[in-house]
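Scroll down for the structure; my scribbles are underneath it.
The values are calculated or read from the model by the stated rules, or taken from the named source; none is laboratory data. These figures come from a predicted structure and were not determined experimentally. Virtual Cβ from ideal backbone geometry, glycine too; neighbours counted across all protein chains shown. Just so you know, the surface numbers come from the protein's heavy atoms only, side chains and all, with ligands and any DNA or RNA stripped out. Shrake-Rupley method; radii C 1.70, N 1.55, O 1.52, S 1.80 Å.
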Amino acid sequence: MSDPDSPEGHNPFEGVPIFGELGKLFSQQASSTWETARQIAVAVATEGQSEPNVDPADRIALGELARVAELQVSNATGLSTTRAGQAASIVPVTRSRWAAATLDAYQNLLEPLGRVSNPADEEEAAFDPAQAMFGQIMKMVGPVMMSMTAGSMVGSLAGRSLGQYDLPIPRDSSVLMIVPANIDALADEWSLDPSDLRLWVCLNELTHHAVLTIPHVGRRLDGLLAEYVRSFDTDPAALENKLSDLDLAHPDSLSSLQSVLGDPEVILGAVQSPAQRELLPQITALVTVIAGYVDWVMDSIGRGLIGSYRQLSEALRRRRVTAGAADRFIERLFGLELTQDQYDRGAAFASGVVERAGSEGLARLWQSERELPTAAEVDAPGLWLARIDLPH
């Protein structure tokens with residue numbers, strides 16, 4: 001039995017009849033919030049329908065393309081796709097498997113959002129019993145709401161993503177998931193050659209993997225994203241105002257409550273903090289340079305390898321800046337600025353370095369953390385080259 005004097009054991013809804021039942025519900029679900037998120041993610045990814053397994057013929061064909069892509073990426077970048085003794089392997093998966101694995105990969109970033117707090121609100125709560133009660137409600141409700149949001153967002157991404165690096169977020173696994181159903185759907189929609197598109201995806205995934213698994217690059221980006229997520233300041237009034245509008249005695253109250261708790265803006269209940277505004281230029285600089293480098297490598301390889309490369313690259317680069325609401329929300333959640341301006345900025349940096357120092361100069365990006373450009377240097381490749389040539 002829970003200790004009624006502990007924060008976990010106390011039900012802040014107690015004494016308010018309908019809220020009391022709501023509190024019990026959230027208490028019961030708190031221990032399985034991530035399983036709830038996984039169920040939601042799979043349901044959204046599959047639209048509630050049964051999903052066929054990946055065709056064995058697709059596995060064989062993609063395995064052959066992956067071997068070609070790995071050789072090409074290794075030759076073009078000089079980077080290894082093997083980390084900690086594990087060689088990268090491209091594995092075709094269903095949308096549901098992509099959703100479940102991606103939710104697990106993002107768990108460390110997403111879970112803290114259910115626990116964010118505002119010190120100012122905590123100080124106010126010490127003098128305001130109502131604020132104190134609502135603070136306890138938020139601690140209880142937050143993880144459940146976050147699981148709903150996380151599952152819904154990742155499930156939506158699973159219905160669109162071609163591979164696991166559509167968002168440039170490092171992953172621990174050497175298994176690179178691609179989703180043949182989404183690739184084939186895109187090929188049909190945009191009248192693209194399916195085989196060429198699959199090879200493009202393999203090249204793109206392996207190039208991202210080669211960069212993001214460089215130890216100091218992965219640590220740097222992981223650290224920035226985690227710090228950004230931890231730095232949200234909550235605005236409990238957003239949820240409080242929404243809940244106060246509900247008539248929980250009404251027959252449609254549960255539907256209305258579900259609508260409120262399913263609103264990402266309400267669930268996040270957060271505003272960008274001064275600390276996050278300071279982090280954004282650092283995150284943006286690193287992600288922009290990675291994108292510019294990957295695009296440069298793709299152009300270097302693709303033009304001579306893929307017959308329809310120009311058509312593919314134009315279509316896919318247009319597609320990535322016309323993302324849906326789920327993509328944009330999760331980008332903003334993690335502090336990622338994946339706009340056309342940033343992609344253009346990254347391309348200009350890469351081409352500027354190559355013009356001045358050749359492909360060897362661009363490869364120096366990944367030698368050590370010292371070589372990672374600052375925000376100002378992204379816009380001035382010559383300054384970056386001058387700095388890294390200075391004595392340590």
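The table that follows gives values for the structure above.
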quantity	calculated
Segment 335-392, accessible area per residue, ligands and nucleic acids excluded (1.4 Å, Å²)	50 Å²
Charge context of Ala61, other residues only, Cβ under 13 angstrom, K/R +1, D/E -1	-2
Placed amide H near Asp233: partners under 5 Å, 5+ positions off or other chain	Val271, Ser273
Estimated inter-spin distance, Asp341 and His216, nm [label 7 Å along Cα→Cβ]	3.0 nm
Under 20 Å from the Arg317 label point (7 Å along Cα→beta-carbon), backbone N, segment 53-96	73, 76-77
Hull-based mean projected area of segment 293-361, where the convex hull spans the alpha carbons, in square nanometres	5.5 nm²
Phi to ³J(HN,Hα) by Karplus 6.51 cos²θ - 1.76 cosθ + 1.60 over segment 199-212, Hz, x for Gly, Pro	5, 4, 5, 4, 4, 5, 5, 5, 5, 4, 4, 4, 7, 6
Amide proton proximity set for Ile178, modelled H, under 5 Å, gap of 5+	Val91, Val93
FRET E, pair Asn53, Ala185, Förster distance 25 Å, beta-carbon r, rounded to 0.05	0.90
Per-residue ³J(HN,Hα) for segment 61-72, Karplus 6.51 cos²θ - 1.76 cosθ + 1.60, θ = phi - 60°, Hz, x for Gly and Pro	5, 5, x, 5, 5, 4, 5, 5, 4, 4, 5, 5
Whole-number D in µm²/s for segment 341-392 (Stokes-Einstein; Kirkwood sum over Cα pairs; 10 °C, 1.306 mPa s)	144 µm²/s
Accessible area (Å², 1.4 Å probe, nearest 10) - Leu305	60 Å²
Estimated inter-spin distance, Ala376 and Glu35, nm [label 7 Å along Cα→Cβ]	5.4 nm
Per-pair calculated FRET efficiency, R0 = 35 Å: Gln107 and Ser300 via Cβ, rounded to 0.05	0.50
Long-range HN-HN contacts of Arg83 with modeled amide H, under 5 Å	Ala88
Inter-site label distance for Glu64 and Asp193 at 7 Å from Cα along Cβ, in nm	1.5 nm
Neighbourhood charge, 9 Å Cβ-Cβ cut-off, centred on Ile178 and excluding it, Lys, Arg +1 and Asp, Glu -1	0
Among 167-173, 98-104, the order from most to least packed when residues are scored by Cβ within 10 Å on average	98-104, 167-173
